[in-house]
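Please treat every number below as a calculation from the coordinates, not as lab data. Every value quoted in this text rests on a predicted model; they were computed, and no experiment measured them. In this analysis, Cβ positions are derived from the backbone assuming ideal geometry, glycine residues included, and neighbour counts consider all displayed protein chains.
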Amino acid sequence: MNFFNLLQSLDELLYEVMSWLVFYPITLWRTLVHPLKMMDYSDLEQGDAEDQQYTDTLSPPLFLLLSLIIVHAAELALVGTEAVVTSKVGLSALVSTNTDLIMLRIVTYSLFAVMVATRLLRARKVELSRETLRAPFYSQCYVVALLAILLGTGEVLIRLAHTWSLVSGLVLMLAALLWFGTLQTAWFVQHLKCSRLRAFGHASRAMIESLVAVLLLANLFS
């Protein structure tokens, strides 16, 4: 790569990174106000050519990643480094930096997206493949990012260790899970054209599977 190609690559990288300052708030606001519409939007974008996808928002996985980075930055500023970074016991030794911790967290929260997406395909009796899983997984990443923000904020409040913050953190985390479960019920109703009771069953199963997977992963690094 010659010098001019390097400058062009840096130019494109700088523009991409700075554009996040504009499109992250836009994506956050749209997902917060109209989560189901954003999930539908993601499904539609998957049908476009790759270079034409998500031109007016951030892509769902990138939105999830940036959300986790922002929450992590707030955590460092308010309560310091998570214990798993300093621990050298078991698999925790693999998480030696804050970057490692962010990667672990994106895998953890992505479990919610992949479990719910897989549950939809099974309910539809659609063959599970890399292609069929992609669209529902991407759409789930939008709302999982909000879940990560709410749960991450709740965890920070709990770690502040004040009475008011403990109560606020627990309430926020519970409210986040209830919101997420309610949203998933509506999502299953929309995609399966079924009753709310049946959709609630699918959403509940997906939530339980997700939480079990997250707890198993957490135990490996505890």
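Descriptive notes on the structure:
- Spatial extent of the stretch 21-80: Rg and Dmax, with the Cα atoms as the point set, Å: 13.4, 43
- Where GluC sites (Glu not before Pro) fall in DSSP loop in the stretch 88-178, at most 12 other Cβ within 10 Å: Glu127
- Unit charges at the beta carbon, dipole of the chain: most positive-side option, Ala49, Leu197, Gly80: Leu197
- One Cα centroid belongs to the stretch 25-56, the other to the stretch 139-218; the line between them spans 21 Å.
- The chain - charge dipole about Cα centre, Lys and Arg +1 at Cβ, Asp and Glu -1, debye rounded to 20: 1140
- Taking only alpha carbon atoms, the stretch 95-222 gives an Rg to Rh ratio of 1.01, where Rh is the Kirkwood radius.
- Scanning the chain for trypsin sites (Lys or Arg not before Pro) lying in DSSP loops with no more than 16 further Cβ atoms inside 10 Å, the longest uninterrupted stretch between such sites is 1-87.
- Residue among Leu64, Ala117, Leu10 farthest towards the positive dipole end of the chain, charges placed on Cβ: Ala117
- Its residues counted as N, the chain yields a C-alpha radius of gyration over 2.2 N^0.38 Å of 1.10.
- For the options Ser67, Ser165, Ser19, a Gaussian network treatment of the chain with springs between C-alpha atoms closer than 10 Å singles out Ser19 as fluctuating the most.
- The stretch 112-176: radius of gyration over Cα atoms, expressed as a fraction of 2.2 N^0.38 Å: 1.51
- If R0 equals 22 Å, the separation of the Cβ atoms of Leu177 and Ile70 corresponds to a calculated FRET efficiency of about 0.60.
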